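The values are calculated or read from the model by the stated rules, or taken from the named source; none is laboratory data. What you are looking at is a predicted structure, and each value in this text was computed from that prediction instead of being measured. Note that each Cβ is placed from the backbone with ideal geometry, even for glycine, and that neighbours are counted across all protein chains shown. Accessible surface is based on the protein model in full, side chains and every heavy atom, while ligands, DNA and RNA are left aside. Shrake-Rupley method; radii C 1.70, N 1.55, O 1.52, S 1.80 Å.
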Amino acid sequence: MSVSLTLKNISRSYIKDNEKFFAVQNVNLEVKPGEFLTFLGPSGCGKTTTLRMIAGFETPTEGQILLGDKDVTKIPANERGMGFVFQNYALFPHMKIFDNVAYGLRIRKESSDLITQKVKEALAMVGLEKAEHRYPNQLSGGEQQRVALARVLVLRPQLILMDEPLSNLDANLRVQMRSEIKRLHQKLQTTFIYVTHDQTEALTMGDRIVVLDKGKIQQADSPEVIYLSLIHI
């Protein structure tokens, strides 16, 4: 299941040195159901702040966030039906892989049989069927990122948010995981929003790319159009 997302005049300001500073300013955006949207921009451009507001980890100073026709601007993160894949994996080191992936389902108090079924399905999706009894430190970086992805997929979210999830991997693993994430998106048809500062990553993964700078959207278009604009800079 996928869902649309609408950002209406979203801003996030802070007070810095007794002056108002905008991390994100007047962002308007519509994301279609099932779209793979990529936020591209340098460090400090507002892409992660925007993603965190969508997730509910930060509250906009102004504006609205709509999931489908529902206003979720003030709804807590755990009630938004979204999944978030962090840059640093955020796995529990003392838990086996099965328990890491099952954690959210146990919080929901789902039955043991259903948890087992869903965890096995999620691990199969990311190619880690045989890793359920291992610990995170027994896996490679790429495998740990797959576990982080499985932990989100098992909850069947309407929207998946990813914050530079491949930045800690080496070049070969990044290429491999790009293909893996795209394959999962095509299979699930879930709405994905993916943050990166890497132009190649954005151009090869996104159905559409949103270029941010200084807290504002500079351009939102197809990878082909964005590529042509980049080579003429």
With Cα coordinates, the longest principal axis of the chain makes an angle with the long axis of helix 171-188, in degrees rounded to 10, of 90 degrees
Long-range amide H contacts for residue 159: which residues qualify at under 5 Å (H placed 1.01 Å from N, peptide plane, sequence gap of 5 or more or a different chain)? 83
To the nearest 20 debye, what is the magnitude of the charge dipole of the chain about its Cα centre, counting +1 on the Cβ of each Lys and Arg and -1 on the Cβ of each Asp and Glu? 460 debye
Segment residue 167-residue 189, extension gain: residue separation times 0.36 nm, minus the distance between their alpha carbons: 5.5 nm
Please give the direction-averaged projected area of the C-alpha convex hull for region 170-233, in square nanometres with one decimal. 5.1 nm²
Going by the alpha-carbon gyration tensor, a ≥ b ≥ c the square roots of its eigenvalues, is region 78-132 rounded (a/c under 1.5) or, if a/c is not under 1.5, prolate (a/b greater than b/c) versus oblate? rounded
Taking amide H positions as placed in the peptide plane 1.01 Å from N, state which residues far from residue 87 in sequence (5 or more) or on other chains have amide H under 5 Å from it. 163
Spatial extent of region 41-139: Rg and Dmax, with the Cα atoms as the point set, Å: 16.7, 47
Averaging 1/r across every pair of distinct alpha carbons in region 110-152 and inverting yields a Kirkwood hydrodynamic radius, in angstrom, of 10.6 Å
Would you mind pulling out the separation of the Cα centroids of region 78-128 and region 147-175, in Å? 13 Å
Determine which residues of region 82-119 fall in the zone a paramagnetic label at residue 137 would reach in this model, i.e. backbone nitrogen under 15 Å from the point 7 Å along Cα→Cβ. 91-97
Measuring from label point to label point, each 7 Å out along Cα→Cβ, what is the residue 213 to residue 129 span in nm? 4.9 nm
Taking Cα atoms, the helix 141-153 axis meets the longest principal axis of the chain at an angle in degrees (rounded to 10) of 90 degrees
Taking only the alpha-carbon atoms of region 113-221, what semi-axes of the equivalent ellipsoid follow from 5 times the gyration tensor eigenvalues under a square root, in whole Å, largest first? 27, 17, 11
Per the helix-only model, the chain has a calculated mean residue ellipticity at 222 nm (DSSP H runs of ≥4, -39500 (n - 2.57) each, divided over all residues, rounded to the nearest 500) of -10500 deg cm²/dmol
With Cα atoms, 0 to 90° folded angle of helix 97-107 axis to the chain main axis: 70 degrees
If unit charges are put on Cβ atoms (+1 for Lys and Arg, -1 for Asp and Glu) and the dipole of region 1-152 is taken about its Cα centre, the option from 68, 137, 89 lying farthest towards the positive end turns out to be 137
Taking all protein chains as present, what is the carbon and sulfur share of the accessible area of the chain, in % to the nearest whole number, probe 1.4 Å? 49 percent
Of the chain, which part is the longest with no trypsin sites (Lys or Arg not before Pro) in a loop (DSSP not H, G, I, E, B) and with at most 11 other C-beta atoms within 10 angstrom? 110-233
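Compute, for region 140-210, the length of the dipole vector about the Cα centre, with Cβ point charges of +1 (Lys, Arg) and -1 (Asp, Glu) only. Units Debye, rounded to 20.
Dipole magnitude for region 140-210 comes out near 340 debye.
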Please report the equivalent ellipsoid semi-axes of region 160-204, computed as sqrt(5 x eigenvalue) of the Cα gyration tensor, largest first, in whole Å. 17, 12, 9
What is the pair-distance distribution P(r) of region 47-206, computed from all Cα-Cα distances in 5 Å bins starting at 0, with each bin given as a whole percent? 2, 9, 18, 21, 21, 16, 10, 4, 1, 0
Using all C-alpha to C-alpha distances in region 16-58, build P(r) with 10 Å bins and read off the rounded percent in each one. 22, 52, 21, 5, 1
